[in-house]
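Below: the structure, in structure tokens.
The values are calculated or read from the model by the stated rules, or taken from the named source; none is laboratory data. Given the structure is predicted, the values throughout are model-derived calculations rather than measurements. Here Cβ is always computed from backbone atoms with ideal geometry, including for glycine, and neighbour counts include all displayed protein chains.
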Amino acid sequence: MGWAVAIHGGAGAILESLTSTHRADVEAALPELTEVAARMLRDGAAAIDAVEEAVVALEECELFQAGRGAVLSAAGAHELEASIMDGHTGGAGAACGLQTVRNPIRLARQVMERTTHVFVGGSGAEDLARAWELDRVPNAWFTTQRRLDQLRAHLADPNSGRPHPATVGAVACDRKGRLAAATSTGGTTGKLPGRIGDAPVIGAGTWADQRVAVSATGIGECFLRSGSARMVSAHMELSGASCQAASRAVLDAMPEASGGLIVVDQAGRVALPYTSQGMYRGWALESGGSGIGI
Ligand code: ASP
């Protein structure tokens, strides 16, 4: 029992491109990024605030592929998307097609707090970010050399290689047993302009209710077709399965190597299953224990 948090920095064919320097950087960053939310939860913060701040920190860290360091579309531009859900209130917010919003998860949270809508996109979403005075940056600010190299390789041979991780997320249970989930992404390398993945879709990439909080990463089309994040909760409700068994069953029912899920339940139990080669992840529990994995 007690608070619990898990974060992810994407799932996919991680090991193929992991140099020893990059591995060292990631292994140094993951505990710090997990601690962003853990510190807040330890101090009594609400789960919804902890997951938002964890995802902002992940968006700001260019090692991971959301916000700065996000992957590029086939047109060589960034189209960012994010969603957030508060399991305690049932509130949700999401945004897609963002080109200048520095922290897409902040816009998703504001959509949840300040509008009667759940999902905004494109120029209307950009207008809201401007009106609400969220930080905005030129689209090129999100670009890093690593993502340019990945796009070039993809465009040279779109069928080469397996998908690399391109999303970040966080799930948390706070001291009052409230759950929340947040997910942010640039999508997939070389995606068609206008393509929307699972990350901003409530029920596919993100879900939180009073039972469980879930953030997904992997091949978005698989998660969209399965409604995966919501499915974990439905599985728990209908079969009485634990969050570990339910999340594993949801992934096992999807195509091989689809990706991974981070999950926390109302008792502060965490599950981090994946079917891809790897998943950048970190977790911390009030009851003791923390860790990272690749
Ligand atoms: N799920 C993301 C998408 O398809 C990508 C990822 O998680 O790596 O947009």
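Take the range 16-36 and flag every residue that is touching a helix residue (DSSP H, G or I) at 6+ places or on another chain (Cβ under 7 Å) and within 22 Å of Gly218 (Cβ to Cβ).
Scanning the range 16-36 gives a single hit, Leu33.
Just give me the residues in the range 167-200 being among the small types (Gly, Ala, Ser), more than 17 Å from Ala75 (Cα to Cα), assigned to a loop (DSSP other than H, G, I, E, B) and within 13 Å of the ligand (Cβ to nearest atom), in sequence order.
Ala199
Report yes if some residue within the range 17-34 is aliphatic (A, V, I, L, M), within 16 Å of the ligand (Cβ to nearest atom) and under 17 Å from Asp149 (Cα atoms); otherwise report no.
yes
In the range 190-200, what residues are in contact with a helix residue (DSSP H, G or I) (Cβ under 6 Å, 6 or more places away or on another chain) and buried (at least 24 other Cβ atoms within 10 Å of the Cβ)?
Gly197, Asp198
Has the range 163-176 got at least one residue that is over 30 Å from Ala267 (Cβ atoms), polar (S, T, N, Q) and within 19 Å of the chain's Cα centre (by Cα)?
no
Which pairs do you get when a residue that is over 17 Å from Cys243 (Cα atoms) and in contact (Cβ under 8 Å) with a residue 60 or more places away in the chain, found in the range 198-223, comes within reach of a residue that is part of a loop (DSSP other than H, G, I, E, B) and of a type in the set (A, V, I, L, M), reach meaning Cβ atoms under 7 angstrom, with the pair 6+ apart or on two chains?
Within 7 Å, the pairs are Ile202/Val118.
When the residues of the range 203-260 are filtered to those that are of a type in the set (D, E, K, R) and modelled with pLDDT of 95 or more, which remaining residue is farthest from the ligand (Cβ to nearest atom)?
For the range 203-260, the residue satisfying everything is Glu237.
Only residues that are under 19 Å from His8 (Cα atoms), polar (S, T, N, Q) and assigned to a helix (DSSP H, G or I): list them for the range 234-261, please.
Gln244, Ser247
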